[in-house]
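Enquirer: Before anything else, here's the structure in question.
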Amino acid sequence: MGRKEWALPYRSPEPDDPAGRRRVRALRAAAYVLVTAVFVVSVVQFQSGTVKALRKAEKFDRKHPDWTPALGRAMGENRPAGHKGAIGRWRCAVRQLWEGRNIYAFVPEDYTKVDTRPASAAESPELRGIVWMHPNMPATVLLLTPFGYLSAPWAALAYNVLKLAALAAAVLMAARLAGHGERRVADWVVLLGVLWTAMGLVGDIRHGNTNVFVLAAVVGHLWLFRRGRDVLAGLPLAAAICLKMTPALFCVYWLYQRNWRLLASTVGSFVLLAVVVPAAALGPGRYGTLAGTWYRNMIAPGLAKGSWYPEHINQSMSGVVSRYFLAGKNGDIYWGPDDDPRYLGRKHGWITLAALPDAATRWVLRAGQVLLVAVAAWAIGWRTLPRDDGRRALHYTLVLLGMMLLNQRTWNHHAAVLLPAGVAVWQAVAFGRTGRGTRIASLVMLAGAGLLHWLVRGELLAGVGRLFGADAAAGERLADVAKAYGPTFYYFLLLFAVAGACSVALRTKAEPFAPRRQTLAE
C-alpha cells in the first residue's frame, strides 16, 4: 500500500449547488481572515505597548536620574515599569538569575533600602527593578534565557511570533484529537472551539505570558499519545509542567488509565528538564538553593499550607470560595499575596456572602474539589478507550478544566489551554449520538458559557458603569466586583458540565459519533 496523502486534520464541507458553494467559500475565507487578524492585531498592540512603556521609563529616568523606591514613596510617584506583560518581567528575572541573585527570595520588610540597580540596569531602563518571589521554577527561567538578552522590543516580537506559530500548530493538533478514528472534524466545529476559548488566547498574547506555549506542549503530548509515541509524549508534558505545574494533573489521568510507560517517560523527562539541566547549568549547590527557595515561597504556601489568594482576578475554586466565605484579609478582593505579601495595600473590598471560620471554609473548598475529581473520574470511567477514539478528547477536556478549577490561582489568560476543550465539546454536541435531552441541555450550557466568556469582561463592565454616570474609578470598581463573583469560574463549570454529560451519554455507544451533524430531534 502507498503512503497516505497528507491532509488537514479537519474537513471543509460544501453544499452541492454552485451558488451555495461560492457563498460558503466566501464565508470560510472571511472567517480565516477575521480569526487571523484578531491574533495578529493583539501581537501588534503588545509590541506597541512595549515600545511606549520603554520610552516612558527612559523619559522618567532622564527626569529623575537618582530615583529609588524610598524616594518614590516620598514623592508619591512610582517609576514606570519600562516593559509590558510577563515577558518583560521575565527578562529582568533572567538577567538577575545569571548575575547571581536569588530571584525567589521573599520581599524584605523594608525593600526600599535594598540596592535597586542590578548590573544589567546599565543596559536598559526596564532592567532596573530587583526581582523578588519569581513564580516560575529555575528550569523555566533557563528556557526563557534567550529572550533576556534581546532588547525589550525584539524580545517581545520574537516571543509573540513563536507564540503565533505554536498557536497555529495547537489548532491543527486539537482538531485531530477531536476526530474519531479516521473521521475528521468539520472546520466550523474548530471555529466554534476557537471562539469559545478566544478570550483566553487573546488575553495570553496581551499579557505576554506562556500559556499558549503550555497549550502547544499539552496538545503536542496528547497528539503524540494518539500516534502511539508514548515515550516521546512524556517530553512535551514535562515541558508544560515546568512552565505552569498544573499540567501535572495529566499524570493523575494517565495513572487512572494505567499507562505506565507514558508516566515513566513524563517523570524521566521532568527530572531531566527540571533538575539535571538546571543543576548542570547553574551548579548543584546554587540550583539547590534556588529550587528550595522557590518551593518554600511559591509552592508550599498554596500546596502544603493551603494559603488563600482572594484577589478578584483569581477565578479558581479556591479564589471564589475565599471571597464568598471569608472576611478579613483572606476575603479581600484586592489582596494578592504575591504582590503584597505583607498586606500593606491601600485598596480593600469584600463580597462575603456568609462569613465562616477559616477551618469551615477549608472544608467547603475540599468538599468541592473532591466532588469535582469524583465527577470527572465517573464521567471518564474505568475502561480504557482506543487512542484515536474521539471520546478521549472529552476526557482531556475534564482534565484541562480541572487544571483551571483546582489550582490555587487561575487568571483569565490561563484559560488559553482550553482550546482543545472548546473543539471537543462542540464536536460532541454537533456530531455525538448523545440523545435529544443531553444535546439541548449542552447547547443551553454552551450558550451560557459563551456569554460569560465574551460579555463579562472588565473593560466592558467599566464602560457600562461610565455609561450610567459613574466616574472612571467607580466603573473600574464595578468591574472588579463583578470579577470577584467568579464569572470565569462559572464558565469553567459550564464547560465541565457539558464535557461530563457528553462523556456519560456517549460511554456505551458502539458508534459514538455520526457522520453528519445531529439535529435537536435526534
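Enquirer: Restricting attention to region 347-364, which residues are assigned to a loop (DSSP other than H, G, I, E, B) and touching a residue at least 24 places away in the same chain (Cβ under 8 Å)? Talk me through it step by step, then tell me what you get.
Expert: Residues of region 347-364 assigned to a loop (DSSP other than H, G, I, E, B): 347-357.
Hits for region 347-364 are Gly349, Trp350, Ile351, Thr352, Leu353, Ala354, Ala355, Leu356.
Residues checked against (1) in a helix (DSSP H, G or I); (2) touching a helix residue (DSSP H, G or I) at 6+ places or on another chain (Cβ under 8 Å); (3) farther than 22 Å from Ala428 by Cα:
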position: Trp154; (1), (2), (3): yes, no, yes
position: Val161; (1), (2), (3): yes, yes, yes
position: Ala168; (1), (2), (3): yes, no, yes
position: Leu172; (1), (2), (3): yes, no, no
position: Leu177; (1), (2), (3): yes, yes, no
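Enquirer: Still on this structure, I have one more. Out of region 479-512, which residues are in contact (Cβ under 8 Å) with a residue 24 or more places away in the chain and among the small types (Gly, Ala, Ser)? Talk me through it step by step, then tell me what you get.
Expert: Pass one, region 479-512, residues in contact (Cβ under 8 Å) with a residue 24 or more places away in the chain: 480-507, 509, 511-512.
Within region 479-512, Ala482, Ala484, Gly486, Ala497, Ala499, Gly500, Ala501, Ser503, Ala505 meet the criteria.
Enquirer: Of the conditions (1) under 27 Å from Glu476 (Cβ atoms); (2) exposed (fewer than 15 other Cβ atoms within 10 Å of the Cβ); (3) within 24 Å of the chain's Cα centre (by Cα), Arg296 fails just one. Which one is it?
Expert: The failed condition is (1).
Enquirer: A further question on this structure: Show the residue pairs meeting these rules: Cβ distance below 8 Å; 6+ apart or different chains; first residue within region 464-477 and under 15 Å from Lys347 (Cβ atoms); second residue of a type outside the set (Asp, Glu) and at pLDDT 80 or above.
Expert: Close Cβ pairs satisfying both conditions: Arg477/Gly349.
Enquirer: Right, something else. Yes or no: region 311-318 includes at least one residue that is aliphatic (A, V, I, L, M) and either part of a helix (DSSP H, G or I) or not assigned by TED's automatic domain parsing to the domain that holds Ile241 (or both). Don't jump to the end; show me each part of the working.
Expert: Applying the first criterion (aliphatic (A, V, I, L, M)) to region 311-318 yields 313, 317.
In the following step, the residues that additionally are either part of a helix (DSSP H, G or I) or not assigned by TED's automatic domain parsing to the domain that holds Ile241 (or both) were identified as 317.
Yes, region 311-318 contains at least one residue that is aliphatic (A, V, I, L, M) and either part of a helix (DSSP H, G or I) or not assigned by TED's automatic domain parsing to the domain that holds Ile241 (or both).
Enquirer: Of the residues Gly432, Gly486, Gly450, Gly475, which is surrounded by 14 or more Cβ atoms within 10 Å (Cβ to Cβ), out of contact with any Gly (no Cβ under 9 Å at 6 or more places or on another chain) and of a type outside the set (S, T, N, Q)?
Expert: Only one candidate passes the filter, namely Gly450.
Enquirer: So for region 307-324 (the condition being surrounded by 17 or more Cβ atoms within 10 Å (Cβ to Cβ) and either at positive phi or basic (Lys, Arg) (or both)), does at least one residue qualify? Quick ask: steps written out before the conclusion?
Expert: Filtering region 307-324 down to residues surrounded by 17 or more Cβ atoms within 10 Å (Cβ to Cβ) leaves 308-324.
Then keep just the ones that are either at positive phi or basic (Lys, Arg) (or both); that gives 323.
So far as region 307-324 goes, yes, one or more of its residues are surrounded by 17 or more Cβ atoms within 10 Å (Cβ to Cβ) and either at positive phi or basic (Lys, Arg) (or both).
Enquirer: Can you pull out every residue in region 358-416 that is at pLDDT 95 or above, over 19 Å from Ala248 (Cα atoms) and among the aromatic types (Phe, Trp, Tyr)?
Expert: If the condition is that a residue be at pLDDT 95 or above, over 19 Å from Ala248 (Cα atoms) and among the aromatic types (Phe, Trp, Tyr), then Trp363, Trp378 are the ones that fit.
The values are calculated or read from the model by the stated rules, or taken from the named source; none is laboratory data. Treat the numbers as computed from the prediction; the structure is a model and nothing was measured. Ideal geometry is used to build each Cβ from the backbone, glycine not excepted, and the neighbour counts take in all protein chains shown.
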